[in-house]
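> Structure in structure tokens, see below.
The values are calculated or read from the model by the stated rules, or taken from the named source; none is laboratory data. Just so it is clear, the structure is predicted and the values come from calculations on it, not from any experiment. Positions of Cβ are backbone-derived with ideal geometry, glycine not excepted, and every protein chain shown enters the neighbour counts. Side chains included, ligands, DNA and RNA excluded: accessible areas come from the protein's heavy atoms. Shrake-Rupley method; radii C 1.70, N 1.55, O 1.52, S 1.80 Å.
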2 protein chains.
Amino acid sequence: MKSVQEKRVFQIENRLKKQGCSMTNQRRLIIDEIMRNGSHFDIESLMAAIRMREPKTARATVYRTVKILADAGMIKKEILGDTHSHYEIAGRDHGHFICTLCGRIIELGCPTLTGFLASAAESHNFTVDRHSIELFGRCGECERKRGMEEAA
Amino acid sequence: MKSVQEKRVFQIENRLKKQGCSMTNQRRLIIDEIMRNGSHFDIESLMAAIRMREPKTARATVYRTVKILADAGMIKKEILGDTHSHYEIAGRDHGHFICTLCGRIIELGCPTLTGFLASAAESHNFTVDRHSIELFGRCGECERKRGMEEAA
DNA sequence: TTCCTTGCAAACACTTTGCAAGGCC
DNA sequence: GGCCTTGCAAAGTGTTTGCAAGGAA
């Protein structure tokens, strides 16, 4: 019985093959590792996870593979204002909330977003192809912890 | 009679002095140049403008001064996903629309934004301190030009 | 005169590229 | 076997830092 993850990896491999990319061990490994770690990742942690399984994998290979996946539209570069790049598995439109205390990233899929995009585009007369919406602040849990610490 | 720009530069200088920063020629020059060029700028064009007036100004000085202004809250770093940093003169909350054809940056100050922020924060139970909202696409003018070119 | 600021060059962090060796099909 | 991919090291970018000399107060 195949897991959801295995199916996803398999699909991605097939799509890449159809585009004329050969499937090598490192590529399989990198794709598998990306799919394993939830929907968001950065190069640094991806590298670490990959080196764990295949220590002599070169940084360049990881960067190149990630670029191929991004060009093929399977992952998307995210702009989080950090010095290093973040990526996520491509999916529907959404924004992010990033907790500046615990680093957690929460997806905003709420319908308000769609409404906001439409009304902004209309009132300024432009066509929106792509967006990057990031809200920074404190998640409920961290906010609560902070309150407790201050009370103490 | 002083121009609006001169007044703004003067105010900023005063605020910096109160914070214990001495006002040097380069700092005055850099602040003046930032204020002159509309509300958005990046280091590269700022450098170019400054070198025009004071050719031996060091990159490091510009970076350092910009950092001071940002720490003092007078300008804000913007996250546009480009490789290099963008800044803008601090003001009220807003988002940006960036035309990917002509590079123009248009501010979104529309009330929908405020509504969106509030509803997103509420429905996900977090506190928003700061946001970065960027929409990428084509402005009305470029969209029209493109239509004409395709018709031809 | 005392401390802060500057210019320069070197260091940095992240990413990309050139090239010979190796692996896929 | 031919071509694509890899690893390595070197080059690139944008930014920051250490330090001696110069300038503000």
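> Could you please give the count of residues in region B:52-77 that are of a type in the set (Asp, Glu) and either within 11 Å of DNA strand C (Cβ to nearest atom) or not assigned by TED's automatic domain parsing to the domain that holds B:Gln19 (or both)?
Residues in region B:52-77 being of a type in the set (Asp, Glu) and either within 11 Å of DNA strand C (Cβ to nearest atom) or not assigned by TED's automatic domain parsing to the domain that holds B:Gln19 (or both): 1 in total.
> For region A:6-27, which residues satisfy the criterion of being under 16 Å from A:Lys67 (Cβ atoms) and touching a residue at least 24 places away in the same chain (Cβ under 8 Å)?
Residues satisfying the conditions are A:Ile12, A:Arg15, A:Leu16, A:Gln19, A:Cys21, A:Gln26, A:Arg27.
> So which of B:Ala121, B:Ala70 is surrounded by 14 or more Cβ atoms within 10 Å (Cβ to Cβ), closer than 30 Å to B:Met23 by Cβ and either of a type in the set (D, E, K, R) or within 14 Å of chain A (Cβ to nearest Cβ) (or both)?
After ruling out the rest, the residue left standing is B:Ala70.
> Could we say that A:Glu78 is of a type in the set (Asp, Glu) and at pLDDT below 80 here?
Against the criterion (of a type in the set (Asp, Glu) and at pLDDT below 80), A:Glu78 does not qualify.
> Could you tell me whether any residue of region A:97-107 is in contact with a Leu (Cβ under 6 Å, 6 or more places away or on another chain), open to solvent by less than 50 Å² (accessible area, probe 1.4 Å) and either more than 9 Å from chain B (Cβ to nearest Cβ) or in contact (Cβ under 8 Å) with a residue 24 or more places away in the chain (or both)?
Looking through region A:97-107, at least one residue is in contact with a Leu (Cβ under 6 Å, 6 or more places away or on another chain), open to solvent by less than 50 Å² (accessible area, probe 1.4 Å) and either more than 9 Å from chain B (Cβ to nearest Cβ) or in contact (Cβ under 8 Å) with a residue 24 or more places away in the chain (or both).
> Does region B:5-17 hold any residues that are farther than 18 Å from B:Ser39 by Cα and either more than 12 Å from DNA strand D (Cβ to nearest atom) or touching a Lys or Arg at 6+ places or on another chain (Cβ under 7 Å) (or both), and which are they?
Hit for region B:5-17 is B:Arg15, nothing else.
> Here is a check on your reading of the model: is B:Arg130 more than 10 Å from every other protein chain (Cβ to nearest Cβ) and loosely packed, with under 14 Cβ neighbours inside 10 Å?
So B:Arg130 does not fit the description; no.
> Restricting the search to region A:133-152, which residues are at the interface with chain B (Cβ under 7 Å from one of its Cβ atoms) and either open to solvent by 50 Å² or more (accessible area, probe 1.4 Å) or not in a helix (DSSP H, G or I) (or both)?
Once the filter is applied, which keeps residues that are at the interface with chain B (Cβ under 7 Å from one of its Cβ atoms) and either open to solvent by 50 Å² or more (accessible area, probe 1.4 Å) or not in a helix (DSSP H, G or I) (or both), region A:133-152 yields A:Ile133, A:Glu134, A:Leu135, A:Phe136, A:Gly137, A:Arg138, A:Cys139, A:Glu143.
> Only residues that are open to solvent by less than 60 Å² (accessible area, probe 1.4 Å) and either in contact with a Pro (Cβ under 6 Å, 6 or more places away or on another chain) or modelled with pLDDT under 90 (or both): list them for region B:36-46, please.
Correct list: B:Gly38, B:Ser39, B:His40.
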